[in-house]
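For reference, the structure discussed in these notes is given below.
The values are calculated or read from the model by the stated rules, or taken from the named source; none is laboratory data. As the structure is a prediction and not an experimental result, all values here were calculated from the model. Neighbour counts are summed over all protein chains in view; Cβ atoms, including those assigned to glycine, are modelled from backbone coordinates with ideal geometry.
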Amino acid sequence: MVRSNAEVAALLQEYADLLAITGGDAFKARAYEKAARAIDGFPTDVAGLDTKGLQEIPNVGKSIAEKIVEFLHTGQVSIVEEARAEIPAGVRELITIPGLGPRKALILHQELGISSVAELLDALDDERLRDLKGFGEKTEANIRHGIALLQQAGGRILLGAAMEAAEQVIAALSEVTGCRRCTYAGSLRRMRETIGDIDILVAAEHSAPFMEAFAALPNTAEVIVQGEKKTSIRTTKGLQVDLRVLPPAAWGAGLLYFTGSKAHNIRIRELAVRHKLKLSEYGLFHTETGRNLASRTEESVYARLGLPWIPPTLREDRGEVAAALRNALPELVTEADIRGDLHTHTDLTDGVASLADMVDAAAARGYTYYAVTDHAPDMAMQQMTDAKMLAQREQLRQLNGKYRKLHLLHGTELNIGPDGEVDWPAEFLAGFDLCVASVHSHFNQSRDQLTKRLVRACENPHVKIIGHPTTRLIGKRPGIDADFDAVFAACARTGTALEINAHPERLDLNDEDILRAKRHGVKFAVNTDAHATTHLPYMRYGVGTAQRGWLTKDDVINAWPLPRLRRFLAQGRSA
DNA sequence: TTTGCGAGCAAATCTGGAATGACTTCCAG
């Protein structure tokens, strides 16, 4: 069954946006926003709950619970429909542009009748914004820049959303009689940070039942093409999904071909040609005789070309074929190697789950250690105090005895200020098992300032991990412009690990930065930055990104046994 | 609209920088 929480959360967030645009009660808008966040991070499917059950969720009261029930029964909510009728969807789209908020969006709509990004671009070109109150040259430039950022994503969706959609399709097709194998291929299997369209492969003798089942899926909005070998659909969310049904004997060759990348495929086809062989999606063939030499598994195809199996995350033509020929492929870190998460939050700051619930979820994942790292006081909104942090530490120490296998670490996520300073004096920092430090503001400093700022944070002996180092948000905000080679060198020199933030909106560092940083001799921490129990599984995307950066478990500090991790955390700290 | 304290009503995360244009909007988490 489709998990409804994300849909309900999206609807509540939409209503909150519409309230903000129409200038309704700000507290009401915020109430809907808070409820949306709570439901998104709620571990149980809300579709199975009644109004009473829904009200058990924090920040969901009677009124919102009734609206959720209305949505679950009828697929819509009347007051949301009324608000939609008043504010065109395009106006809401305007506030997704960085630099444009609800106030200005409403002015654009009321004064100039703008109700889409395209109309806004036209108005910018005609210089029609100049005369509006509150708009100037700088605002114009900001809006243009924001639109360019949005368009860069070019219709691609985030890895996490693509994976969820693919797994729903796979679950459905795996139930069809005659399904021998079913999996995803393409850039999704290579764990690229954004996905253009989803490729699903099925191994079966007969394709027709799969093509029919695929076209009839509940989330299918439109069938683009339907044939014997391939069917393409568009989902209700506008995402294209392609299904290909392969004969079981050609599974390996097909999977290899449709996984790509194109550049990797070209590279191994060249290798085949040199061996007087021909590689296609149907198999590896002898050029002269046409005899099929390998096709059933990927391993057999690679082996016949004199190669070990190459993990999909390496298939980008970045030297993986040459390394495979030398038998020098790295032994990549896997999700099973990860022993703990070192950057997570609770509802003491901006998380939505309690300490006890987060720790329970970590234990269920089989971790041997787990760090809680709530925000520190310099992020004023979090209203952190020494007393609150110490009380949490006490609560954590008491929980520590509850689990046989899981060891809890008390940490914090510090804010790296404009000058590179962090929250709290050294004496207080010495009390933590682990300090992550991250940039959260002042992104537009000069390159020189940003570099010095990050280097200074690395030089703080209590800072052991730099969180989301570039602070980019994929498709929304570019990374900061620092001299990262200088930062990586400082990390290596000071024994500071770089985070690979596993949240699908961040994936920060990205694969290319990881490769560069590794050359400097840096260690890494793959962390989820979880704000809900449902975020802990994002670890897979972080590990996929680490693999794309060619990392082994020796490179990743949270793949180490606890004593080795502790030695790393203690380095340079005298306290 | 929700929550908490107390049984209906008050309060609800902050804070500073930047841009714009003279006080407001937007942004970061």
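Please state which one of A:Q383, A:Q398, A:Q392 is within 12 Å of DNA strand B (Cβ to nearest atom), assigned by TED's automatic domain parsing to the domain that holds A:V455 and over 16 Å from A:G467 (Cβ atoms).
Working: A:Q398 fails: within 12 Å of DNA strand B (Cβ to nearest atom); A:Q392 fails: within 12 Å of DNA strand B (Cβ to nearest atom).
Residue meeting the stated conditions: A:Q383.
Kindly check whether there is at least one residue in the stretch A:13-29 that is outside any helix (DSSP H, G or I), within 12 Å of DNA strand B (Cβ to nearest atom) and of a type in the set (A, V, I, L, M).
No, the stretch A:13-29 contains no residue that is outside any helix (DSSP H, G or I), within 12 Å of DNA strand B (Cβ to nearest atom) and of a type in the set (A, V, I, L, M).
Looking at the stretch A:91-104, is at least one residue more than 9 Å from DNA strand B (Cβ to nearest atom) and over 33 Å from the mean Cα position of the chain (by Cα)?
Within the stretch A:91-104, none of the residues are more than 9 Å from DNA strand B (Cβ to nearest atom) and over 33 Å from the mean Cα position of the chain (by Cα).
Of all residues in the stretch A:146-155 being without any contact (Cβ under 8 Å) to a residue 60 or more places away in the chain and surrounded by 16 or more Cβ atoms within 10 Å (Cβ to Cβ), which is nearest to DNA strand B (Cβ to nearest atom)?
A:G146
Within the stretch A:37-60, count every residue that is surrounded by fewer than 20 Cβ atoms within 10 Å (Cβ to Cβ) and over 17 Å from A:Y15 (Cβ atoms).
12
What's the number of the condition A:I87 fails, among (1) among the aliphatic types (A, V, I, L, M); (2) touching a residue at least 60 places away in the same chain (Cβ under 8 Å); (3) within 12 Å of DNA strand B (Cβ to nearest atom)?
Here A:I87 meets the rest and fails (3).
Restricting attention to the stretch A:72-124, and to residues there that are of a type in the set (A, V, I, L, M), part of a helix (DSSP H, G or I) and in contact with a Gly (Cβ under 8 Å, 6 or more places away or on another chain), which single residue is farthest from A:A16 (Cα to Cα)?
Initially, the stretch A:72-124 is screened for residues of a type in the set (A, V, I, L, M), giving A:72, A:77, A:79-80, A:83, A:85, A:87, A:89, A:91, A:94-95, A:97, A:100, A:105-108, A:112, A:114, A:117-118, A:120-121, A:123-124.
Imposing the further condition that a residue be part of a helix (DSSP H, G or I) reduces the set to A:72, A:79-80, A:83, A:85, A:89, A:91, A:94, A:105-108, A:112, A:117-118, A:120-121, A:123-124.
Remaining after also requiring in contact with a Gly (Cβ under 8 Å, 6 or more places away or on another chain): A:106-107, A:117.
Numbers: A:L106: 15, A:I107: 18, A:V117: 20 Å.
Per the criteria, the residue is A:V117.
Exactly one condition in (1) closer than 23 Å to A:H531 by Cβ; (2) in contact with a helix residue (DSSP H, G or I) (Cβ under 8 Å, 6 or more places away or on another chain); (3) within 16 Å of DNA strand B (Cβ to nearest atom); (4) modelled with pLDDT of 95 or more is false for A:L408; which is it?
For A:L408, the exception is condition (3).
Do you know which residues across the stretch A:369-428 are farther than 14 Å from A:H345 by Cβ and of a type in the set (K, R)?
Scanning the stretch A:369-428 gives A:R393, A:R397, A:K402, A:R404, A:K405.
Since A:A10 meets every condition but one in (1) more than 9 Å from DNA strand B (Cβ to nearest atom); (2) closer than 30 Å to A:Q110 by Cα; (3) within 24 Å of the chain's Cα centre (by Cα); (4) crowded, with 17+ Cβ neighbours inside 10 Å, which condition does it not meet?
That leaves (4) as the condition not met.
Any idea which of A:I170, A:I200, A:I143 is outside any loop (DSSP other than H, G, I, E, B), of a type in the set (V, I, T), free of Cβ contacts under 8 Å to residues at least 60 places away in the same chain and within 16 Å of DNA strand B (Cβ to nearest atom)? Explain how you work it out, then say what you get.
On the way: A:I170 fails: within 16 Å of DNA strand B (Cβ to nearest atom); A:I200 fails: within 16 Å of DNA strand B (Cβ to nearest atom).
When all the criteria are applied, what remains is A:I143.
Scanning the stretch A:441-454 for residues that are in a loop (DSSP other than H, G, I, E, B) and surrounded by fewer than 17 Cβ atoms within 10 Å (Cβ to Cβ), which turns out nearest to DNA strand B (Cβ to nearest atom)?
Just the residues of the stretch A:441-454 that are in a loop (DSSP other than H, G, I, E, B), to begin with: A:441-446.
Next, from what is left, pick out any that are surrounded by fewer than 17 Cβ atoms within 10 Å (Cβ to Cβ): A:441-444, A:446.
Values: A:S441: 5, A:H442: 7, A:F443: 7, A:N444: 7, A:S446: 11 Å.
So, considering only residues that are in a loop (DSSP other than H, G, I, E, B) and surrounded by fewer than 17 Cβ atoms within 10 Å (Cβ to Cβ), the one nearest to DNA strand B (Cβ to nearest atom) is A:S441.
Among the residues of the stretch A:273-302, write down those that are of a type in the set (G, A, S), in a helix (DSSP H, G or I) and either surrounded by 19 or more Cβ atoms within 10 Å (Cβ to Cβ) or on the phi > 0 side of the Ramachandran plot (or both).
From the stretch A:273-302, those of a type in the set (G, A, S) are A:280, A:283, A:290, A:294-295, A:300; that's our starting set.
Within this subset, residues satisfying the condition of being in a helix (DSSP H, G or I) are A:300.
The answer is none; no residue qualifies.
Looking at this structure, is A:A492 in the same structural domain as A:D341 (by TED's automatic domain parsing), surrounded by 24 or more Cβ atoms within 10 Å (Cβ to Cβ) and not acidic (D, E)? If you could, list the steps in order and put the result at the bottom.
Details: in the same structural domain as A:D341 (by TED's automatic domain parsing): yes; surrounded by 24 or more Cβ atoms within 10 Å (Cβ to Cβ): no; not acidic (D, E): yes.
It is false that A:A492 is in the same structural domain as A:D341 (by TED's automatic domain parsing), surrounded by 24 or more Cβ atoms within 10 Å (Cβ to Cβ) and not acidic (D, E).
Can you tell me which residue among A:A437, A:A391, A:A387, A:A457 is in contact with a strand residue (DSSP E or B) (Cβ under 8 Å, 6 or more places away or on another chain) and part of a helix (DSSP H, G or I)? Before the answer, list the steps.
On the way: A:A437 fails: part of a helix (DSSP H, G or I); A:A391 fails: in contact with a strand residue (DSSP E or B) (Cβ under 8 Å, 6 or more places away or on another chain); A:A387 fails: in contact with a strand residue (DSSP E or B) (Cβ under 8 Å, 6 or more places away or on another chain).
The unique qualifying residue is A:A457.
Does the stretch A:117-140 contain at least one residue that is modelled with pLDDT under 90, near DNA strand B (Cβ under 9 Å from one of its atoms) and crowded, with 17+ Cβ neighbours inside 10 Å?
Yes.
Would you confirm whether any residue within the stretch A:435-454 is among the β-branched types (V, I, T) and in contact with a helix residue (DSSP H, G or I) (Cβ under 7 Å, 6 or more places away or on another chain)?
Keep residues of the stretch A:435-454 that are among the β-branched types (V, I, T), which gives A:436, A:439, A:451.
Subset that is in contact with a helix residue (DSSP H, G or I) (Cβ under 7 Å, 6 or more places away or on another chain): A:451.
Yes - at least one qualifying residue is present in the stretch A:435-454.
What is the one condition in (1) within 27 Å of A:R564 (Cα to Cα); (2) not in a strand (DSSP E or B) that A:D481 does not satisfy?
Looking at each condition in turn, A:D481 falls short on (1).
Checking the structure you have, find out if any residue of the stretch A:337-344 is closer than 30 Å to A:V439 by Cβ, in a loop (DSSP other than H, G, I, E, B), in contact with a Phe, Trp or Tyr (Cβ under 7 Å, 6 or more places away or on another chain) and away from DNA strand B (no atom under 16 Å from the Cβ). Walk me through it before giving the result.
Pass one, the stretch A:337-344, residues closer than 30 Å to A:V439 by Cβ: A:337-344.
Still in the list and also in a loop (DSSP other than H, G, I, E, B): A:338-339, A:342-343.
Retained after the next criterion (residues that are in contact with a Phe, Trp or Tyr (Cβ under 7 Å, 6 or more places away or on another chain)): A:339.
In the following step, the residues that additionally are away from DNA strand B (no atom under 16 Å from the Cβ) were identified as A:339.
Checked against the condition, which is being closer than 30 Å to A:V439 by Cβ, in a loop (DSSP other than H, G, I, E, B), in contact with a Phe, Trp or Tyr (Cβ under 7 Å, 6 or more places away or on another chain) and away from DNA strand B (no atom under 16 Å from the Cβ), the stretch A:337-344 yields at least one hit.
Considering only the stretch A:38-56, state which residues are part of a loop (DSSP other than H, G, I, E, B) and within 19 Å of A:T74 (Cα to Cα).
Keep residues of the stretch A:38-56 that are part of a loop (DSSP other than H, G, I, E, B), which gives A:41-45, A:49-50, A:55-56.
Those that are part of a loop (DSSP other than H, G, I, E, B) and within 19 Å of A:T74 (Cα to Cα): A:D45, A:L49, A:D50.
Only residues in the stretch A:18-34 that are more than 19 Å from A:I57 (Cβ to Cβ) count as the first member; pair them with residues that are more than 8 Å from DNA strand B (Cβ to nearest atom) and outside any helix (DSSP H, G or I), Cβ under 8 angstrom, at least 6 apart or cross-chain, and list the lot.
Every condition considered, the pairs that remain are A:L18/A:I87; A:I21/A:I87; A:T22/A:I87.
For residues that are under 18 Å from A:A6 (Cβ atoms), without any contact (Cβ under 8 Å) to a residue 24 or more places away in the chain and within 12 Å of DNA strand B (Cβ to nearest atom), tally how many sit in the stretch A:35-64.
Qualifying residue count, the stretch A:35-64: 2.
When you check A:N460 against the structure, is it more than 13 Å from DNA strand B (Cβ to nearest atom), polar (S, T, N, Q) and surrounded by fewer than 23 Cβ atoms within 10 Å (Cβ to Cβ), yes or no? Quick ask: steps written out before the conclusion?
Values: more than 13 Å from DNA strand B (Cβ to nearest atom): yes; polar (S, T, N, Q): yes; surrounded by fewer than 23 Cβ atoms within 10 Å (Cβ to Cβ): yes.
So A:N460 fits the description; yes.
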